[in-house]
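All of the numbers you see were taken from the coordinates with simple rules; none came from a lab. Just so we're clear, the structure is a prediction, and the values are computed from it rather than from any experiment. So basically every Cβ, Gly included, is an ideal-geometry build from the backbone, and we count neighbours across all protein chains shown.
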Amino acid sequence: MSRDEVLKALSKPSPYGPDVDLNRFNIGEPETPSLDTPGVEKIADRLGIGSWVFKKADYLQVNESIVARSMSEKLAKYGAIVLPTYEALKKLNWVSNYSWRLIEPARDKYVAATHLYGRELGFFIYVPPGVKVREPIYTCLFITKRGYAQLLHNIVVVDDGAELNLVTGCGVPDQPIGSLHVGISEYYVGRGAKLTYTMIHAWAPDMVVRPRTVAEVRESGEYVSYYVIYSPVESLQTYPRVILRENARATLNSVVVGGGRSIYDVGSAIVLSGAGSSGEVLSRNLGRENSAIYARSRIEGAAGPSRGHIECLGLIEGSEAQIESLPEISSSTPEAVLTHEAAIGKISEELISYLMSKGFAEDEARSAIIKGFLSIEEPKLPPQIMEVVRRTIEYIASRATG
Amino acid sequence: MRNIDVAAGSRTILSNINLKIGYRELHVLVGPNGSGKTSLLNAVVGIKPYEVVNGRVFLMGEDVTRDPPHVKARKGVVLAYQLPPAVKGVVAGRFAEELARRFEVKKSYVDMLSEILEVGRLMDRYLFDKMSGGERKRLETFLTLLTKPKIALLDEPDSGVDVDSLNTISSALKAVLDFGTSILLVTHSLHMIKLLRDYVNTIHIVYGGTLLMSGLYDEIVPLVEKHGFSGLALRFSRGGTP
């Protein structure tokens, strides 16, 4: 694709979410990496990860500066690689085979801007064939600068038969910041390999967030994602897409907790492109205050036999919030079995009464119900990651009722 | 319960109910479907839309009539629902632990009830979600009794359960009576009453929105078996005695 085509795409809006003028944001120059940036510790706490991650993170980027990158002994022993993407592209010739292959640079203005001006900041992770990295790898992408565009390109390659548990926390301090975060993520899961990917977002009411993710899962591979966003944003739009080859599996979980006057346009799409593939999309959406949530989900049956299921549930608290649930199932083969269920409602008075009859005050009952609603148990996630998710959900539930 | 009238909105359901239940006593409220038994329990606890519109509810001499449900529960008046709702996402075991913590109940007591009610294998399930009738009743009885209430209000723990679950639940009731809980048991069948025969203090018959009569097991059960609830009501309405 020519540079001109990508330049032209700088004015191409995304088909989803509100269009944003990119001229609002500055692209920064690298500065002296430091963890002393005010607010950084708070971000880690907001993400439920805790500040211990500063010592343990395998990749930590604040604004455009890479503050920490570890090639810990455990990873080196395995032959696994964690590098900034630009460095991986420079040092390892073969990495270019994975760069900008799943996501077209001219897809929309956010992707084009990242391709043109992002300087390949972001993380690259490689796990060699058959290597199972049990301990989670943590990557953190923080913003502390006002009016700034953080444009990232992440590449993850889990080679045949390998396993990786990746946790990414993205956030800003809990204060106005008026910045943009774009994360372009290309994930390659090899034959019989497994990638679990947990992403937790904590933004501010004036943040614009546009992640773009595509994962390709080769034969008999597995991809499990768990996405949590619970803070207000100006607008957040993402529609990750997972392509499954023969006998590959995917489960995409998302928890969206709306607040303020935010717009969340959050989707999940699975393409069943191989015989024997199966996918599931589970989403929980809690609309509060004046927020609007567009919960998109799509499963395409392109090869059979294959199975797909969408479960999209919404809960509205207060009269001003809005949820639109948009499940789509589409098939070009009679051998794909695709189903969906979607429901939107309010907190059941019967449940509140029940919990009150067991000694819970009304606000405690509401909090317990919200916590239960948002808790998607994902047995395929390692327990320590599920614990991070649980802590975050508890934090959300305790604040949801004031 | 002193001179209680129960209403749901503008509709009066029960009038002039008087019940006095002593320490470690088991009282049974029987009556046909729709006679107001469940409404009475809900009103006493304060579950909307049911309401005590006249009269007073006392717990060990304290007027608790206007206390909200959670305050009553914390004081020791705990209701077991007839049809407890499924609470997705809330794991039964964690919920039980939370109740035990809040009510400061020893683990040994919880374990004893869990064993009697055979709920151990339900502990990693979501509360009442996709459970059979017997599982739901046993779990709801367990969660109610583990709070070690001063008085447990049990709304038809016997409806829709098999014989084994019925025996199990009856055993649990006997056990908690020994540990100092009083019970008001609502049922519309005599089967469970018979299982608890040696423990029953008083049986009350509710019919047509009022308390028709109260008496000992040997007085009430034979009459109900002979005449049925409606037959008994008919005899009363004619001014006679049963």
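Where does the charge balance sit around A:Ala269 when Lys and Arg score +1, Asp and Glu -1, over other residues with C-beta under 10 Å from its C-beta?
For residues surrounding A:Ala269, the net value is +1.
With N set to the number of residues, divide the alpha-carbon radius of gyration of the stretch A:284-402 by 2.2 N^0.38 Å and report two decimals.
Details: Rg = 17.3 Å, N = 119, 2.2 N^0.38 = 13.5 Å.
Dividing the Cα Rg of the stretch A:284-402 by 2.2 N^0.38 Å gives 1.28.
Which far-off residues, 5 or more places away or on another chain, put their amide H under 5 Å from the one on A:Phe124, with H placed in the peptide plane?
A:Leu83, A:Thr85, A:Ile155
Compute from the Cα atoms of the protein assembly as shown the Rg and the Dmax, the latter being the longest Cα-Cα distance, and quote both in angstrom.
Radius of gyration, then largest Cα-Cα span, for the protein assembly as shown: 30.3, 102 Å.
Okay, helix-only estimate at 222 nm for chain B: each DSSP H run of n ≥ 4 adds -39500 (n - 2.57), divide by all residues, round to 500 deg cm²/dmol; what do you get? Please report the intermediate quantities before stating the final value.
Numbers: 8 runs with 93 residues, N = 242.
Roughly -12000 deg cm²/dmol at 222 nm, from the helical runs in chain B.
May I ask for the equivalent-ellipsoid semi-axes of chain B, computed as the square root of five times each C-alpha gyration tensor eigenvalue and listed largest first in whole Å?
Ellipsoid semi-axes (Å, largest first): 29, 20, 16.
Please report the net charge: other residues with Cβ closer than 12 Å to the Cβ of A:Lys380, K and R +1, D and E -1.
The answer is -3.
Take the Cβ-Cβ distance between B:Thr12 and B:Val71 as r, set R0 to 22 Å, and report the resulting FRET efficiency rounded to the nearest 0.05.
With R0 = 22 Å, the Cβ-Cβ based efficiency is 0.30.
Need the list of lysines near B:Lys107 for cross-linking: C-alpha distance under 26 angstrom, and skip anything on the same chain fewer than eight residues off.
A:Lys358, A:Lys371, B:Lys72, B:Lys75, B:Lys88, B:Lys137, B:Lys148, B:Lys150, B:Lys174
State the Cα centre-to-centre distance between the stretch B:97-159 and the stretch A:274-325 in whole Å.
Cα centroid to Cα centroid, the span is 34 Å.
Show me the trypsin sites (Lys or Arg not before Pro) within the stretch B:28-93 that DSSP assigns to loop and that have at most 16 other Cβ atoms within 10 Å of their Cβ. Let's see the in-between values first.
Numbers: sites: B:Lys37, B:Arg56, B:Arg66, B:Lys72, B:Arg74, B:Lys75, B:Lys88; in loops: B:Arg66.
Those satisfying the criteria are B:Arg66.
Which residue fluctuates the most in chain B, going by a Gaussian network model with Cα springs under 10 Å, if the choices are B:Ile205, B:Ile220, B:Ile183?
B:Ile220
Take the Cβ-Cβ distance between B:Met60 and B:Ser189 as r, set R0 to 30 Å, and report the resulting FRET efficiency rounded to the nearest 0.05.
0.45
May I ask what percent, to the nearest 5, of DSSP beta bridges between residues of the stretch A:3-346 are antiparallel?
Of those bridges, close to 5 percent are antiparallel.
Given H placed on each backbone N at 1.01 Å, which residues far from A:Gly308 in sequence or on other chains put an amide H within less than 5 Å of it?
Sorted by chain and number, the residues that satisfy this are A:Gly279, A:Val337, A:Leu338, A:Thr339.
For B:62-71, what's the mean count of beta carbons from other chains sitting within 10 Å of each residue's beta carbon?
So the per-residue partner count for this stretch is 3.
Just the number: Rg to Rh for the stretch A:3-346, Cα atoms, Kirkwood Rh, two decimals.
Rg/Rh for the stretch A:3-346 comes to 0.95.
Just add up the charged neighbours of A:Pro211: K/R +1, D/E -1, any other residue whose Cβ is under 13 Å from the Cβ of A:Pro211.
Local charge sum for A:Pro211: +1.
Quote the relative contact order of the stretch B:150-242 in percent (integer), defining contacts as alpha-carbon pairs under 8 Å separated by 6+ residues.
22 percent
Partner chain Cβ atoms within 10 Å, averaged over the residues of B:83-90 - can you pull that number for me?
The mean count of partner-chain Cβ atoms within 10 Å per residue comes to 6.
State, in angstrom, two size descriptors of the stretch A:82-230 derived from its alpha carbons: Rg to one decimal place and Dmax to the nearest whole number.
Cα radius of gyration and Dmax of the stretch A:82-230 are 15.3, 45 Å respectively.
Which FRET efficiency value, to the nearest 0.05, is calculated for B:Arg102 and A:Ser332 with the Förster distance at 56 angstrom and r the Cβ-Cβ distance?
0.55
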